[in-house]
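A.B. asks: Handing you this structure, nothing more for now.
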Amino acid sequence: MKRNRFTIPVIGAACCALLCTGAFAAGRQSVTATYGGVSIYLNNVKQTATDVNGKTVEPLSYNGTTYVPIRAVSQWLGKTVTWDGQTHSVYIASSPYSDSDIASAKKVIEDYFTLFASKDYTEMKKLCTGGQIIPADGADFSRPEQRELLRAALLCSDATVNESGEVGDPTETALVRLGESYGFDEAEARGKYPRLAELPFDSDRKLMSTVHQLPDGLTMLTKGAVDVMLGRTRLSPEEKAEIERMNEELSQQGLRVLAFGKRMLTAPAIGLEDENDLQFLGLIAMMDPPREESKAAVGECIAAGIRPIMITGDHKVTASAIAKEIGILTPGTEAVEGAVIESMSDEELREFVPRVSVYARVSPEHKIRIVRAWQERGNLVAMTGDGVNDAPSIKRADIGVGMGITGTDVTKNVADMVLSDDNFATIVGAVGEGRRIYDNIRKTIQFLLASNMSEVLGVFTATLLAFTLLGPVHLLFINLLTDSLPAIALGLEPHNPEVMKEKPRAMGESILTKPFLTSIGVEGLCIGIMTMTAFMIGYRDGNAVLASTMAFGTLCSSRLVHGFNCKANKPIIFTKRFWNNTYLIGAFVLGWLLITGVLMIPALQEMFKVQTLTVAQLMTVYGLALLHLPVIQLLKWIRTRKK
């Protein structure tokens, strides 16, 4: 499952920007606000401030805290501003600020907080260097070892962050944001130390390397998975064991951990064999939190009979912590690494996959095998992904789902559907909408078949008895009005949350199942009996026209009422759901007015070959039409009780 993140936007409204100083605010006049578990340092200014041009900037008070709007003449990312005698880095860029636009300034601040409170994004949490685990907001980059680690993180990355937003992998953009929060401009660093060569990231070797001319010489910087990096460093067994311990500790907290290293070179050209004998620089741990709605979405999946499986390149411990948090890794299931299934045959894997909810450190080939194993067990498989390496498994799945924001063009092209918001909950919503549409189609078919069966049964019975039940004009009226109006309304039936508690249908299952056809037959028979009863009551005095009129009125009215019977497979007559489709109520009222008009208006009586009914006869028609409603509801109640 793709875990989503939030891209922190550069606020470009033409009013103000918040001056956020990251770690520079620590120990000075500042306040810390927490939104979604993220600490944000905000300037709590007691005096006026000046910008780099020496102009006074009046503080802005909002909700008891004072903020500094920046009077900018250019984009301020990476620039500085003097405040309370201290120099601070500008964290958020802004457009020129208007002194008269205080109301708009407050709105920007409020919107900024709303974004922070409601979104998820990859955030750097801890650094490990010099044998210590250091909180990211407590780092001291004046120390050479920490500064070298941050420089490697900025240079060995393809992501960019500017006034237009963020471009690149969420993990790499988080590295860039970490640097910017401490005043390190990624564009400036890359301009000063340009990339001379590179080995792009590969999911098999799980490494990326770049070459730069640094102050201490020509250097290859490498980042990648901790377990892979440790096997390529000069560390002693004791040092490796200590780093593995720290990696395990961080992973158990649900943090994704990257290792960084370097190697001095004599020439810029590099190959895969150069990614060995590395000097270890340190670890950076980040939190890539699932969206808040992910846990609820996973719960809906399970209730709907959908088994969510997490497949990730993260460490198994990290993946397990996240999977437990959102409900994917449950008692009775386990997490495994791709190496476990490497040696399995296809038959062994087919028997193994039901036990596993989390796959970590997998390759593209593993993903394809996992998808195929579930398919061979007779399951319909949907696969999500965003990278090029996900494309083969997405194409192999029955339903391939690509990411619209972070997804590559290759993945989007092979996907059957693309998520415009990269949100797993959207998939669950799509399943619910698909089930609603299918359910409404079934209701419409049930209504039409049951109604037409009642008509066939009535005409057939009357023919056997040598009577004429309905004339041609009657059949035309029934098919054009009393059939079409409720059928259209049932197709617009509102979403029923109960559909997400039903188990999925078998892939080859017909819409006309035995229980479905049985319901159609029983309901059609009930309407047919009411129709023939009305006919026989009208024919007591040998008046065939009166009998036909009463049968016609009862059949039309019964079909209008039957639309409410088709709303659910269980009784709903005394529930709010009975009244929740205004289209169906409108179709019933309009149809009832039309049939009443045909029966009671003299000009229409001649046209439709019907006879004027007395009040008693009209009430008999209405009564028989309404009677089948409680009868069908009672039968549904009995069937539900048996189940």
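The values are calculated or read from the model by the stated rules, or taken from the named source; none is laboratory data. All of these numbers come straight from a predicted model, not from anything done at the bench. We place every Cβ from the backbone using ideal geometry, glycine too, and count neighbours over all the protein chains shown. Ligands, DNA and RNA are stripped out before the accessible areas are found, and what is left, the full protein with its side chains, is counted by its heavy atoms. Shrake-Rupley method; radii C 1.70, N 1.55, O 1.52, S 1.80 Å.
A.B. asks: Could you tell me whether the stretch 503-515 includes any residue that is surrounded by 18 or more Cβ atoms within 10 Å (Cβ to Cβ), touching a residue at least 24 places away in the same chain (Cβ under 8 Å) and not β-branched (Val, Ile, Thr)?
C.D. replies: No, that holds for no residue.
Each row is one residue, and each column tells you yes or no for (1) modelled with pLDDT of 90 or more; (2) more than 19 Å from residue 393 (Cβ to Cβ); (3) open to solvent by less than 30 Å² (accessible area, probe 1.4 Å); (4) out of contact with any Asp or Glu (no Cβ under 7 Å at 6 or more places or on another chain).
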| site | (1), (2), (3), (4) |
| --- | --- |
| 335 | yes, no, yes, yes |
| 338 | no, no, yes, yes |
| 342 | no, no, no, yes |
| 348 | yes, yes, no, yes |
| 351 | yes, yes, no, yes |
| 363 | no, no, yes, no |
| 366 | yes, no, yes, yes |
| 371 | yes, no, yes, yes |
| 378 | no, no, no, yes |
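A.B. asks: For residue 149, indicate whether it is at pLDDT below 80, open to solvent by less than 50 Å² (accessible area, probe 1.4 Å) and either touching a Phe, Trp or Tyr at 6+ places or on another chain (Cβ under 9 Å) or closer than 14 Å to residue 259 by Cα (or both).
C.D. replies: no
A.B. asks: I would also like to ask the following. If only one of 305, 332 is within 21 Å of the chain's Cα centre (by Cα) and either in a loop (DSSP other than H, G, I, E, B) or over 20 Å from residue 255 (Cα atoms) (or both), which one is it?
C.D. replies: So the residue among 305, 332 that is within 21 Å of the chain's Cα centre (by Cα) and either in a loop (DSSP other than H, G, I, E, B) or over 20 Å from residue 255 (Cα atoms) (or both) is 305.
A.B. asks: Right, another one. Kindly indicate which of 475, 449, 480 is farther than 28 Å from residue 304 by Cβ, open to solvent by 60 Å² or more (accessible area, probe 1.4 Å), of a type in the set (A, V, I, L, M) and assigned to a helix (DSSP H, G or I).
C.D. replies: Result of the check over 475, 449, 480: 480.
A.B. asks: Collect the residues in the stretch 394-435 that are open to solvent by less than 50 Å² (accessible area, probe 1.4 Å), in contact (Cβ under 8 Å) with a residue 24 or more places away in the chain, closer than 30 Å to residue 483 by Cα and of a type outside the set (Val, Ile, Thr), keeping them in residue-number order.
C.D. replies: Answer for the stretch 394-435, where residues must be open to solvent by less than 50 Å² (accessible area, probe 1.4 Å), in contact (Cβ under 8 Å) with a residue 24 or more places away in the chain, closer than 30 Å to residue 483 by Cα and of a type outside the set (Val, Ile, Thr): 432, 435.
A.B. asks: Those residues that are among the hydrophobic types (A, V, I, L, M, F, W, C) and touching a Ser or Thr at 6+ places or on another chain (Cβ under 7 Å), I need them from the stretch 600-631; list them, please.
C.D. replies: 610, 613, 621, 624, 625
A.B. asks: Give the number of residues within the stretch 558-612 that are of a type outside the set (A, V, I, L, M, F, W, C), in a helix (DSSP H, G or I) and open to solvent by 50 Å² or more (accessible area, probe 1.4 Å).
C.D. replies: Adding up the residues that qualify gives 5.
A.B. asks: Please go through the stretch 153-208 and pick out each residue that is modelled with pLDDT of 85 or more and either hydroxyl-bearing (Ser, Thr, Tyr) or assigned to a helix (DSSP H, G or I) (or both).
C.D. replies: Scanning the stretch 153-208 gives 153, 154, 155, 157, 189, 190, 191, 192, 193.
A.B. asks: Restricting attention to the stretch 613-643, report how many residues are closer than 20 Å to residue 566 by Cα, among the aliphatic types (A, V, I, L, M) and assigned to a loop (DSSP other than H, G, I, E, B).
C.D. replies: Qualifying residue count, the stretch 613-643: 0.
A.B. asks: Kindly provide the set of residues from the stretch 172-207 that are hydrophobic (A, V, I, L, M, F, W, C) and open to solvent by less than 30 Å² (accessible area, probe 1.4 Å), ordered by number.
C.D. replies: Result: 174, 175, 176, 178, 189, 197, 199, 207.
A.B. asks: Going through the stretch 225-266 one residue at a time, which ones are outside any loop (DSSP other than H, G, I, E, B), aliphatic (A, V, I, L, M) and either under 24 Å from residue 210 (Cβ atoms) or within 37 Å of the chain's Cα centre (by Cα) (or both)?
C.D. replies: Once the filter is applied, which keeps residues that are outside any loop (DSSP other than H, G, I, E, B), aliphatic (A, V, I, L, M) and either under 24 Å from residue 210 (Cβ atoms) or within 37 Å of the chain's Cα centre (by Cα) (or both), the stretch 225-266 yields 226, 228, 229, 230, 243, 246, 250, 257, 258, 259, 264.
A.B. asks: Then there's this: Inside the stretch 293-313, can you point out the residues that are out of contact with any helix residue (DSSP H, G or I) (no Cβ under 8 Å at 6 or more places or on another chain) and open to solvent by less than 60 Å² (accessible area, probe 1.4 Å)?
C.D. replies: Hits for the stretch 293-313 are 299, 305, 313.
A.B. asks: Okay, moving on. Please work out if residue 542 is at positive phi and not acidic (Asp, Glu).
C.D. replies: Yes, satisfied.
A.B. asks: Please go through (1) touching a strand residue (DSSP E or B) at 6+ places or on another chain (Cβ under 9 Å); (2) farther than 30 Å from residue 189 by Cβ for residue 259 and return the number of the only condition it doesn't satisfy.
C.D. replies: Among (1) touching a strand residue (DSSP E or B) at 6+ places or on another chain (Cβ under 9 Å); (2) farther than 30 Å from residue 189 by Cβ, the lone unmet condition for residue 259 is (2).
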